[in-house]
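Accompanying notes for the structure given below.
The values are calculated or read from the model by the stated rules, or taken from the named source; none is laboratory data. Since we're looking at a predicted model, the values are computed, not measured. A quick note on method: Cβ atoms are made from the backbone with ideal geometry, for glycine too, and the neighbour counts reach across all protein chains shown. Calculation scope for accessible area: heavy atoms of the full protein, side chains included, ligands and nucleic acids excluded. Shrake-Rupley method; radii C 1.70, N 1.55, O 1.52, S 1.80 Å.
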Amino acid sequence: MKRVETICGYCGCGCGIYVNVAEDDTVLGITPSYNHVVSKGKLCSKGWHGYAFVRDSRRLTSPLIRNSDGSFREADWDEALDKVAEGLKAATTAGDNTDHIGLISSARCTNEENFLMAKLARAGLKTSSIDHCARL
Ligand code: SF4
């Protein structure tokens, strides 16, 4: 077993954790970092136990693009990001941007990442329609 030192990604607190990983890369559990400046060896229940999603069969592991019939197909990141850029460009040239564009960020992002998302929304895309999932 190896222990991988990282930061819990469930919320913006940023508690220090070790992910305990088997030889076949299976996640076996989480151990708090006892000398981490934020958490000092303590974690909430999500930090301790919320790792089952890693092996969930429903987990998305690649971008999906919606076909014209409503079904989805897997795509690589270059194609998916090109589609996003194409869609945002079309929306920003369609008139009142606030009516056409909304962004959803994540409480699992860092403060800096959420700041950048807000900048992209307000300064780049000229919309104030931005939200995130802090109400977990
Ligand atoms: S252990 Fe809990 S409080 Fe700490 S970062 Fe994870 S979710 Fe947030």
Rounded if a/c under 1.5, otherwise prolate or oblate - the chain, Cα gyration tensor axes: oblate
Accessible area of LEU116 in the full protein assembly, 1.4 Å probe (Å², nearest 10): 110 Å²
List MET117, MET1, ordered by accessible area with a 1.4 Å probe, largest first: MET1, MET117
Surface accessible to a 1.4 Å probe, ASP76 within the full protein complex, Å²: 90 Å²
Too-long pairs where the Cα-Cα distance tops 30 Å, listed order kept, from LYS2/LYS42; LYS83/LYS126; LYS46/LYS83; LYS40/LYS119; LYS83/LYS119: LYS46/LYS83; LYS40/LYS119
Using θ = phi - 60° and Karplus 6.51 cos²θ - 1.76 cosθ + 1.60, couplings along the stretch 104-118 (whole Hz; Gly, Pro as x): 10, 9, 9, 5, 8, 7, 6, 4, 5, 5, 5, 4, 5, 5, 5
Positive-end residue, the stretch 2-55 charge dipole about Cα centroid, Cβ charges, pick of THR26, GLY47, CYS13: CYS13
Extension gain from VAL4 to SER71, taking 0.36 nm per residue of separation minus the Cα-Cα distance: 20.3 nm
Extension gain (nm, one decimal) between GLU113 and ASN35, 0.36 nm per residue minus Cα-Cα: 25.5 nm
Solvent-accessible surface (1.4 angstrom probe) belonging to ASP78, in square angstrom, nearest 10: 110 Å²
Crossing angle, helix 77-92 versus the chain [Cα axis fit, 0-90 degrees, rounded to tens]: 40 degrees
Net charge dipole size for the chain [Lys, Arg +1 and Asp, Glu -1 on Cβ; Debye, nearest 20]: 660 debye
The chain, accessible surface, carbon-and-sulfur percent (1.4 angstrom probe): 55 percent
Accessible area of the chain divided out per residue, in Å², using a probe of 1.4 angstrom: 71 Å²
Distant-in-sequence amide H partners of ILE130 (H built 1.01 Å from N, under 5 Å): LEU103
Interchain or long-range residues, amide H under 5 Å from ILE30's placed H: ASN20
Phi-based couplings in Hz for the stretch 23-37 (Karplus 6.51, -1.76, 1.60; Gly and Pro marked x): 4, 8, 6, 6, 6, 9, x, 10, 10, x, 8, 6, 10, 6, 5
